[in-house]
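The values are calculated or read from the model by the stated rules, or taken from the named source; none is laboratory data. All of these numbers come straight from a predicted model, not from anything done at the bench. Here the Cβ positions follow ideal geometry from the backbone for every residue, glycine too, while neighbour counts run over all protein chains shown. With ligands, DNA and RNA removed, areas are computed over all heavy atoms of the protein, side chains included. Shrake-Rupley method; radii C 1.70, N 1.55, O 1.52, S 1.80 Å.
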Amino acid sequence: ASTLGPIGSRMEERLSAAFEPAVLQLEDESSQHAGHAGAVGYAGESHFSLTIVSGAFSGLRTLSRHQMIYAALEDEMPLIHALSIRTLTPEEASTSE
């Protein structure tokens with residue numbers, strides 16, 4: 001995984017503040033998409049992969065969890081091309097290990 005640039009760093013800060021996650025893994029995968037139309041992004045940041053573990057997701061379906069992520073990142077989403085999201089509760093994370 002590459003080091004996060006300004007957009008990724010801001011995304012990480014917003015997610016940390018919104019969800020107080022036990023685990024937050026945000027990876028910039030833009031380099032894997034070089035040459036494709038959406039790969040330019042802002043400052044070369046276009047494609048991200050997120051794994052986040054938070055009690056805030058307890059009792060919620062995947063769609064609701066993803067909507068929460070999009071709401072937390074409303075200012076950053078127009079600046080990127082793609083975000084792959086994996087949301088887990090602490091209980092789900094402990095059983096998937």
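Annotation: amide H of GLU29 within the under-5 Å range of HIS47, PHE48, SER49, sequence separation 5 or more or interchain, hydrogens built in the peptide plane.
ASP75 exposes around 90 Å² of accessible area when a 1.4 Å probe is run over every protein chain in place.
Distant-in-sequence amide contacts of ILE85, defined by a placed amide H-H separation under 5 Å and a gap of 5 or more residues or a different chain, comprise LEU50. Measuring only protein heavy atoms, the 1.4 Å probe finds MET77 accessible over about 50 Å².
Each label was represented as a point 7 Å from its Cα along the Cα-to-Cβ direction; for SER64 and VAL23 these points are 2.2 nm apart. The phi-based Karplus calculation (6.51 cos²θ - 1.76 cosθ + 1.60; θ = phi - 60°) puts the 3J(HN,Hα) values of the range 65-78 at 4, 5, 4, 5, 4, 4, 5, 5, 10, 4, 7, 8, 4, x Hz, whole numbers, x for Gly and Pro.
Give the ranking of SER94, SER49 by solvent-accessible surface, highest area first, calculated with a 1.4 Å probe. Let's see the in-between values first.
Working: SER94 75, SER49 25 Å².
So the residues, ranked largest to smallest area, are SER94, SER49.
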